[in-house]
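Here the structure comes first, spelled out in structure tokens, and everything after it is commentary.
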Amino acid sequence: LLGHITINESYLFRGQQQMATLAGTVIPRLMAERPSGRLRVWSAGCARGEEAATLAIVLAEALGLENSRWQILATDLDEDSLAEARKGVFGARAVARVTPELLKRYFTRAGNRFELASELKERIGYRTLNLVTQSVPPPEAPFDLVLLRNVLIYFRPAAQRRVVETVANTLAPDGVVFVGPSESIWQLRSVLQPEDLGSCFCYRLGSRGPRTGGPGLEIGVGRGVVQA
């Protein structure tokens, strides 16, 4: 049933302002604190892989491939979508916002289908994961960057709280979370605090770090929208 009610079709470079901010601000800031050059990224709710592929392109452009140590974990609860995501093949509509230069650099075209370069696909690991029932952080945690975009809209408030707590508990101390441009998280100052990046918002751990459970946790989605 979940596979039928969730929207599993997307496109690359969705939320372009967020991606531009990632490349120009967030990734350089994270890497400045990581002499090892290692970066762990989680695409939570990856659908058919459009977001994970976008992240791979952004990271390849920002950090390169030869000497950088970045990896992407892409998870979803729909196994059929994950099977498509692993192929790394997208239709013309999905790549419509990819620039001609990036299409040429990172895709092989066969008719109206575009296959992501193998050196990028190798950086992405796909796994089935239900965010609501997941109680143990993925083994790749802690994550430096988590994209929880267009996911919370599917959940009722109680489930939204659990998801946000789970994500908060997987973050590195200076880690960053992005939600969708039409989503917002309210009154989570003891767990995740908003940061204004100019063209969009992200969320980071508060000074007391993550906690599990507790009163006063409220999440609003679709009200008082934070616009990216």
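Values quoted throughout were computed directly from the atomic coordinates according to the rules given, and no laboratory measurement underlies them. Keep in mind it's a predicted model, so treat the numbers as computed, not measured. Counting neighbours? That spans all protein chains shown, and the Cβs are built from the backbone with ideal geometry, glycine included.
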In nanometres, what is the gap between the two model label sites at residue 182 and residue 156, each 7 Å from Cα along Cα-to-Cβ? 2.3
Of the convex hull enclosing the alpha-carbon atoms of the stretch 4-126, the direction-averaged projected area in nm² is 7.6
Would you kindly give the portion of the calculated P(r) for the stretch 55-189 that falls above 28 Å, as a percent of all Cα pairs? 24
Stokes-Einstein diffusion coefficient of the stretch 40-84, Kirkwood radius over Cα pairs, 20 °C, 1.002 mPa s, in µm²/s: 195
Full-extension gain between residue 33 and residue 103, please, as 0.36 nm times their residue separation minus the C-alpha to C-alpha distance. 22.1 nm
So which GluC sites (Glu not before Pro) in the stretch 2-102 end up in coil per DSSP with only 14 or fewer other C-beta atoms within 10 Å? 9, 33, 66
